[in-house]
Amino acid sequence: MRFSMCTALGAAIGIAALCSPAAAKDEFKIGGVVALSGPYGVIGEAMRKGAELAVEMRGGKVLGAPIVFEWEDSETKPQVTVQKATRLASDGVDLLFGEVSSGATIALMKLAERRKIPLLVTISASDEITGKDKNPYTFRTSNPVDMENRMMAEFAAKDGVKRVYGVVADYAVGREMWDSLKKKLEAKGVTIAGEDYPALGNKDYSLIADKVAKSDADGVAMIMTGSDAITFLKQSGQIGLKDKKTVFGTMVMDELMGKAVGEQSYGVNSTLRYHFSEKSPANEKFVAAFKAKYGELPTQFAGEAFDGVSWFLKVVDETGGWDKEAWLEAFRNSTYTDSVEGTKKMRACDNQAEQIGLFGKAIKGSDPLPPVTMEVTYTFEPGVLFDACK
């Protein structure tokens, strides 16, 4: 239909060039804007490793042209993210890749739509990205917040948790996540025993940990990230909180966090975006290549970046041409059976990948695994994690 309409228009006004396919290019440019310094720098660096390996494992080309990366440090600041992405857009990138924080990603989305450049999101979780702020140029191949909250509610119900105490970092997104999670927990028959809202960057959780320990809660839901989660887990672990109550949260524990928290990690439960232990030919091939190239196991940030970039480039190749609008149309209607997480399906209604959800527990790893290793304890099917597209 699109071709016939274009042909008719060209014939009517005598300008066939309007309908010509996009010209082939000498190279395919990916502009990566991720945090490469500061608290989230380790995440951005892992994303870069995963993305670059995705290109290497497909022979370094797409549509017959070499793929080149241009990386910029977002510094996890929306204004800096937009400034650097604007430079990349002016340089003619074919794909924008980023960011770590949702706030910076939402700012980046507006630029991508304005400049009509595809934006691939593989870690930022705000529901707004594929919700109220969604646009035709932005695609997310990883978990949204609502999916994470559904996993936590499912976990609590399956693990027999009856009363939950919430420890929630005091910022807008944290409170929104907790409000949503409370409703999902209550729908599963789980009672809210209490809640506390420590300030971001809090250094002393002793009073809160003691209050939670003395409560009648049998579960502790953590809505916090980074250094806040590390500090809480270390200090609450010293009084044995995780041994008395089920501690769980969204992205509060993985091998990277375990390295920072140490032995107080054991027994902590968390949602996982990806895990290297998943048994599939695609994942085993990726893990082997990652270890060979970088000398370490891939984190969930590297795994998600690898998966998203691999998927997008595969779709681009299948279109056979350089028409960005054709790439977007193909991607939003695609299913990726070679995902390192099994199969992912892009939802045409919101450009959000529908996928399985992983939940894990930190255990003591034996060589060659890290000292703190996540054991996948639950795998949730897409049907319980996503509402059907309307």
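Specify which of the listed residues (233, 256) is under 20 Å from the mean Cα position of the chain (by Cα) and among the hydrophobic types (A, V, I, L, M, F, W, C).
Answer to the selection: 256.
What number of residues within segment 138-164 are surrounded by fewer than 24 Cβ atoms within 10 Å (Cβ to Cβ) and either part of a strand (DSSP E or B) or of a type in the set (Val, Ile, Thr) (or both)?
Residues in segment 138-164 being surrounded by fewer than 24 Cβ atoms within 10 Å (Cβ to Cβ) and either part of a strand (DSSP E or B) or of a type in the set (Val, Ile, Thr) (or both): 2 in total.
Restricting attention to segment 332-354, which residues are part of a loop (DSSP other than H, G, I, E, B) and more than 23 Å from residue 277 (Cα to Cα)?
Once the filter is applied, which keeps residues that are part of a loop (DSSP other than H, G, I, E, B) and more than 23 Å from residue 277 (Cα to Cα), segment 332-354 yields 333, 334, 348, 349, 350, 351.
Which of the following residues is among the acidic types (Asp, Glu), farther than 20 Å from residue 25 by Cα and part of a loop (DSSP other than H, G, I, E, B): 296, 284, 304?
Just one listed residue meets the conditions, 296.
With respect to residue 379, is the statement that it is under 19 Å from residue 57 (Cα atoms), in contact with a strand residue (DSSP E or B) (Cβ under 8 Å, 6 or more places away or on another chain), in a strand (DSSP E or B) and modelled with pLDDT of 95 or more true?
Details: under 19 Å from residue 57 (Cα atoms): no; in contact with a strand residue (DSSP E or B) (Cβ under 8 Å, 6 or more places away or on another chain): yes; in a strand (DSSP E or B): yes; modelled with pLDDT of 95 or more: yes.
Judged against the criteria, residue 379 is not a match.
Say whether the condition of being in contact with a Ser or Thr (Cβ under 9 Å, 6 or more places away or on another chain) and small (Gly, Ala, Ser) is met by at least one residue in segment 288-301.
No, segment 288-301 contains no residue that is in contact with a Ser or Thr (Cβ under 9 Å, 6 or more places away or on another chain) and small (Gly, Ala, Ser).
Can you tell me which residue in segment 77-101 is surrounded by the most Cβ atoms within 10 Å (Cβ to Cβ), limited to those that are farther than 19 Å from residue 50 by Cβ and among the small types (Gly, Ala, Ser)?
85
Got a sec? Which helices (runs of 4 or more DSSP H) wholly within segment 31-137 have at least 3 residues that are under 14 Å from the mean Cα position of the chain (by Cα) and of a type outside the set (Asp, Glu)?
41-57, 102-115
So, of the residues in segment 169-200 that are closer than 27 Å to residue 355 by Cα and β-branched (Val, Ile, Thr), which turns out to be surrounded by the fewest Cβ atoms within 10 Å (Cβ to Cβ)?
Restricting to residues being closer than 27 Å to residue 355 by Cα and β-branched (Val, Ile, Thr), the top hit is 173.
Do any residues in segment 99-116 that are farther than 20 Å from residue 36 by Cα have Cβ atoms under 8 Å from those of residues that are buried (at least 20 other Cβ atoms within 10 Å of the Cβ) and of a type in the set (Ser, Thr, Tyr), where the two are at least six apart or on different chains, and which pairs are they?
If the second residue must be buried (at least 20 other Cβ atoms within 10 Å of the Cβ) and of a type in the set (Ser, Thr, Tyr), the pairs left are 112/137; 112/138; 113/137; 113/138; 116/137.
The values are calculated or read from the model by the stated rules, or taken from the named source; none is laboratory data. This is a predicted model, so every value here is computed, not measured. Glycine also receives a Cβ, built like all others from the backbone with ideal geometry; neighbour counts cover every protein chain displayed.
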